[in-house]
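Below is one structure, written out as structure tokens; the observations come after it.
The values are calculated or read from the model by the stated rules, or taken from the named source; none is laboratory data. All of these numbers come straight from a predicted model, not from anything done at the bench. Here the Cβ is made from the backbone with ideal geometry for all residues, glycine too, and neighbour counts use every protein chain on show.
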Amino acid sequence: MQVFTKMANRWAERDCEPGECTDFVAALAETLVAETCAHDSYLINLASPDRLLRAKSLDSFAAELNRCEALKLNYLVSHPGNFMDDRASGIARNAEAIGIALERMPGQTIVLLETTAGSGTALGASFEEMAEIIEAVPAPYRSRVGVCVDTCHIFAAGYDISNDYDAVWTRFGNVVGYERLRMMHLNDSKTPLGSRRDRHELIAEGAIGESAFRRIMNDAHLARIAKVIETPKLEPDVTDRAMLERLRGYVET
């Protein structure tokens, strides 16, 4: 399950009240949900060279971690950010900020860096870059950093999971390592391979197509990896249920 713990498009922060946390944890225990995560604010940019924006982003990111701990969420999914000036400096700033935030907020929640489509100055579009960011996180906190692979994003970044599925995942395993993979966002893509554009589409109705999602749902390497959808909400509740049923229908028994 993926949630937001605050409004994702506003800087305003909030604390999770003790009663709210108790009720959430108790309600969650009554379900079959095994893995939980929050997605952080879309405004956060830990890689920014702007000192004020980076400081604001760091405070907001630490607050996100604090709420995750209060709600006992397993993961916090975060986009690596935009470097704005030069890529190497952006990677260094992002990794340093993650270390600072994890030092401020000790606990069990693991930060998952989400793969990106690579538009503009966005970091994290290549497996090599993702591995470089993680390796740059200070050693005492590196064990609390993993990866969330978004199928739309990696396809838009140039990884052809439709026609070269095995090669893509072999490269991921060799460069990043399956031990870092903790979650997947399963989304088709409105735009073609290598477009560098982040445009989600319904499962099997975009440029990726059905075959890749069938492979994912039957891949032994990915069987125990938590998966969520961020597909278009064409009809409240109905579309999401249809997408989940479609994915489950791909599983070969």
Being more than 15 Å from the chain's Cα centre (by Cα) and among the β-branched types (V, I, T) narrows it down to one residue among I44, I91; which is it? I91
Taking region 209-253 and keeping only residues that are of a type outside the set (G, A, S), in a loop (DSSP other than H, G, I, E, B), under 19 Å from the mean Cα position of the chain (by Cα) and within 23 Å of D166 (Cα to Cα), one is left with R224, I225
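Could you grab me the full set of residues in region 40-63 that are closer than 19 Å to T115 by Cβ and touching a Leu at 6+ places or on another chain (Cβ under 8 Å)?
Here is the first cut: in region 40-63, the residues closer than 19 Å to T115 by Cβ are 40-42, 44-47, 61.
Once the filter is applied, which keeps residues that are closer than 19 Å to T115 by Cβ and touching a Leu at 6+ places or on another chain (Cβ under 8 Å), region 40-63 yields D40, N45, L46, A47, F61.
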Given the options C37, C68, name the one that is closer than 30 Å to A167 by Cβ, in contact (Cβ under 8 Å) with a residue 60 or more places away in the chain and among the hydrophobic types (A, V, I, L, M, F, W, C). C37
For the list (1) out of contact with any Pro (no Cβ under 7 Å at 6 or more places or on another chain); (2) touching a residue at least 12 places away in the same chain (Cβ under 8 Å), I need the number of the one condition that N94 fails. (1)
Expected output for region 103-114 (first residue among the small types (G, A, S), partner surrounded by 13 or more Cβ atoms within 10 Å (Cβ to Cβ), Cβ below 6 Å, 6+ apart or cross-chain) is G107/E69
Residues of region 49-91 that turn out to be surrounded by fewer than 24 Cβ atoms within 10 Å (Cβ to Cβ) and either more than 22 Å from V25 (Cα to Cα) or modelled with pLDDT under 95 (or both), as a count: 20
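Answer yes if at least one residue in region 162-170 is touching an Asp or Glu at 6+ places or on another chain (Cβ under 9 Å), without any contact (Cβ under 8 Å) to a residue 40 or more places away in the chain, closer than 26 Å to A131 by Cα and assigned to a strand (DSSP E or B), and no otherwise. Working first, answer last.
Of region 162-170, the ones touching an Asp or Glu at 6+ places or on another chain (Cβ under 9 Å) are 165, 167-169.
Of the ones still in play, those that are also without any contact (Cβ under 8 Å) to a residue 40 or more places away in the chain are 167-168.
Filter once more, keeping what is closer than 26 Å to A131 by Cα: 167-168.
This time we only want the ones that are assigned to a strand (DSSP E or B), so: none.
No, region 162-170 contains no residue that is touching an Asp or Glu at 6+ places or on another chain (Cβ under 9 Å), without any contact (Cβ under 8 Å) to a residue 40 or more places away in the chain, closer than 26 Å to A131 by Cα and assigned to a strand (DSSP E or B).
Return yes or no: is A26 free of Cβ contacts under 8 Å to residues at least 12 places away in the same chain, within 25 Å of G120 (Cα to Cα) and exposed (fewer than 13 other Cβ atoms within 10 Å of the Cβ)? Write out each step before concluding.
On the way: free of Cβ contacts under 8 Å to residues at least 12 places away in the same chain: yes; within 25 Å of G120 (Cα to Cα): no; exposed (fewer than 13 other Cβ atoms within 10 Å of the Cβ): yes.
When the stated conditions are applied, A26 does not pass them.
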Taking region 131-151 on its own, how many of its residues are of a type outside the set (D, E) and over 12 Å from the mean Cα position of the chain (by Cα)? 12
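Find the residue count for region 135-148, including only residues that are without any contact (Cβ under 8 Å) to a residue 60 or more places away in the chain, under 20 Å from A226 (Cα atoms) and buried (at least 18 other Cβ atoms within 10 Å of the Cβ).
The initial filter retains those residues of region 135-148 that are without any contact (Cβ under 8 Å) to a residue 60 or more places away in the chain, namely 135-145, 147.
Pick out the ones that are also under 20 Å from A226 (Cα atoms) and you get 143-145, 147.
Still in the running and buried (at least 18 other Cβ atoms within 10 Å of the Cβ): 144-145, 147.
Summing the residues that are without any contact (Cβ under 8 Å) to a residue 60 or more places away in the chain, under 20 Å from A226 (Cα atoms) and buried (at least 18 other Cβ atoms within 10 Å of the Cβ) in region 135-148 gives 3.
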I need a count of the residues in region 8-23 that are of a type in the set (A, V, I, L, M) and touching a residue at least 24 places away in the same chain (Cβ under 8 Å). 1
Which residue out of K233, K227 is loosely packed, with under 15 Cβ neighbours inside 10 Å, of a type in the set (K, R) and touching a helix residue (DSSP H, G or I) at 6+ places or on another chain (Cβ under 8 Å)? K233
